[in-house]
Structure formats: C-alpha cells, structure tokens
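These notes are about the structure you will find just below.
Any read-out appearing in this document is the output of simple, stated calculations on the displayed coordinates, not a laboratory observation. Predicted model, so just to flag it, every value in this text is computed and none were measured. So basically every Cβ, Gly included, is an ideal-geometry build from the backbone, and we count neighbours across all protein chains shown.
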Amino acid sequence: MGETGQVTFAMQTFERIHPVEFQRRFLSQSTRHSGREFMQFRTLQIIKGAISTAQGSATVRLGNTTVVCGIKAEVCEPDVKRPTSGYLTTNVELSPMCSARFRPGAPSDEAQVASEHIHRLSTHLIDLTHLCIESGRAAWSLSADIVCLKHDGNVLDAAVIALVAALEDLQLPRAEFDSATGMVSAERTMCSGVEVKKRLFPATFTLVDDVYVVADADDAEEQMATASLLVVINGDGKLVNVWKRGSGVISKETIEQCVQAARVRMVEIAKAIE
C-alpha cells in the first residue's frame, strides 16, 4: 500500500473510532470533512414523474440523501364544514432501508415530526377548493407519501422539495358528478394539473457541537447537532417559516445570515425544479 493509501486508511480508521473528534478537527480549521464550506449546500437533483402508478411523483437527491414522493388521488366526500374543499395529506416514511438508525414498527419521532411540519407547510402550496368536484358531494383527496430511500442528513429539505415537485407533476382526470346516481365519472384520457400557489424553498442550517453553523448537514454532522434551523422562502422571496429545533442557542445575527443564505439557495432550487 502506498503512502496515500496508508493516509486514507488511517483517516477512515480515525473517523470510525473517534467520529466526534474527527469532525472537530475539520471544523476547527473552518472546513468540513466533505470539503464543503460552512454555508455550501450539496448538489441537488430532481426527477419528476418517477412513479408511473402515481398521479404525481418526484425523486430528489440531495448529496447522498434520496427521497421519493408519490401522490395518489381518490374521490371522497368533502368535510361538511368545508363543502367546497378537497384534502391533501402528507406522510414521511423513514424505514430501516434508508438508515440503520431506524427500526421496524411504529414511525420514529423524526418521521412523525417531519410529517407534521410538512403538513403545515403544505397549506401554502395549493388551494384545496381547486380539488372540489361537486360542492358538498365529491372532491379529490390527495395522499402524498414521502419515502426516504437513503438517509445521509437533511431529509426535511429533500422531502419538502420532493412534495413541491410532485405536486407540479400531478395530473388529475377530468371528473364529472352525476346528480341522478350520486356517482363520479373520471375521464383518465383527459387530465389537467393543479395549480401550485407558491413554490416553497427550504434551507436547513445546523448548529454543530454548539459552536459551528453549517448548511445542509450530512448524517455525520447531524449526529453532533445541538440545534437546527429550517428556513422556508416562497416563490415571491418572502419568508414563510422559520423553525428552530434543539436546545442549542442560535443568535439573532446568525439567524439573519441563514435567512440571507436561504434566499440564495432558493435560486438554486428553482433552477433544479425547472
């Protein structure tokens, strides 16, 4: 084994035995183990229409993190309190297939928190009245299943982007309500999309080891996280959501810097979606 191979082997061994100290060595020199700068995001790839059996779908790769979103549409009866609105439900699945961190059985806390927060964000994406077929009688119910295939950090950003892209890919059959029979007929050869009100552009920043703030943390960096900050910008460049998790302290000045970085990131995501 040559000198380069010996150095590489030694670094890999050190990382495996002392993962925290390995990360600190890089961070203390104002860099990251991946070679990225603190505010540098990983490469983003988006493929729409990834699932032929879904009415809308998208695959998102954020570095090594891979997420697939599939949307299924069914006809249902509207809520009596909202007779002219349909439904959009979201679910995030983090299974043992994507990471050894997760176990079979009930959804993990991380999956439940991600599902709940994405559900809240989804209210900004589409007007549910556009899903109405017949007031008080029939409407579309959209189920967006977001499945993580490979977990290497920052799944929430990838999940939000996948949901936006899948909704833009969504095609619903032309549906007509027959008042005589109370049935809905759907013409699947004639489909149309559902307008997305405003795209959402997420950017997550992580406080590592209570000292360093990095953008788009990978799995190793998330293991050292004491806090994280999700910033969401809409298509108009307006701030939609700032969500802090964890006990670590992130200063007001740092939050402002993260918001500015999120606006730059918005341009990159928009290009990838197009």
Where labels lie 7 Å past Cα in the beta-carbon direction, separation of Ser247 and Val264 in nm: 3.3 nm
Report the number of Lys pairs in the stretch 36-273 whose alpha-carbons are under 14 Å apart, with separation of 8 or more residues or on distinct chains. 4
Under 5 Å, built H, 5+ apart or other chain: amide partners of Leu88: Leu142
Using the Karplus equation 6.51 cos²θ - 1.76 cosθ + 1.60 (θ = phi - 60°), what ³J(HN,Hα) coupling, rounded to whole Hz, does each residue of the stretch 70-80 give in order, writing x for Gly and Pro? x, 10, 10, 10, 9, 8, 9, 8, x, 5, 4
What are the radius of gyration and Dmax of the stretch 105-150, computed over its Cα atoms and given in Å? 14.2, 42
Going out from 0 in 5 Å bins, what whole percent of all Cα-Cα distances in the stretch 157-242 drops into each bin? 3, 12, 15, 14, 12, 10, 9, 7, 6, 5, 4, 2, 1, 0
Ranked by Cβ crowding within 10 angstrom, fewest neighbours first, how are Phe102, Phe26, Phe41, Phe205 ordered? Phe26, Phe102, Phe41, Phe205
On average over all directions, what projected area in square nanometres does the stretch 61-215 have, based on the convex hull of its Cα atoms? 11.3 nm²
Given a cut-off of under 8 Å on Cα pairs at least six residues apart, what relative contact order in percent is computed for the chain? 18 percent
Diffusion coefficient in µm²/s returned for the chain by Stokes-Einstein, Kirkwood Rh over C-alpha pairs, 4 °C and 1.567 mPa s, is 64 µm²/s
Here, Ala180 and Arg103, labelled 7 Å along Cα→Cβ, have an inter-label distance in nm of 5.9 nm
Do the sum for the chain: with -39,500 (n - 2.57) for every DSSP H run of n ≥ 4, divided by all residues, what is the mean residue ellipticity at 222 nm, to the nearest 500 deg cm²/dmol? -9000 deg cm²/dmol
When the Karplus curve 6.51 cos²θ - 1.76 cosθ + 1.60 is applied with θ = phi - 60°, which whole-Hz ³J(HN,Hα) does each residue of the stretch 41-54 get, with x for Gly and Pro? 8, 7, 5, 10, 10, 10, 10, 8, x, 6, 10, 6, 8, 9
What FRET efficiency do you get for Met190 and Thr43 if R0 is 45 Å and r is their Cβ-Cβ distance, rounded to the nearest 0.05? 0.75
Neighbour-count ranking [beta-carbon atoms within 10 angstrom, fewest first] of His119, His151: His119, His151
Here the net charge surrounding Asp127, from other residues whose Cβ is less than 15 Å away from its Cβ (Lys, Arg +1; Asp, Glu -1), is +2
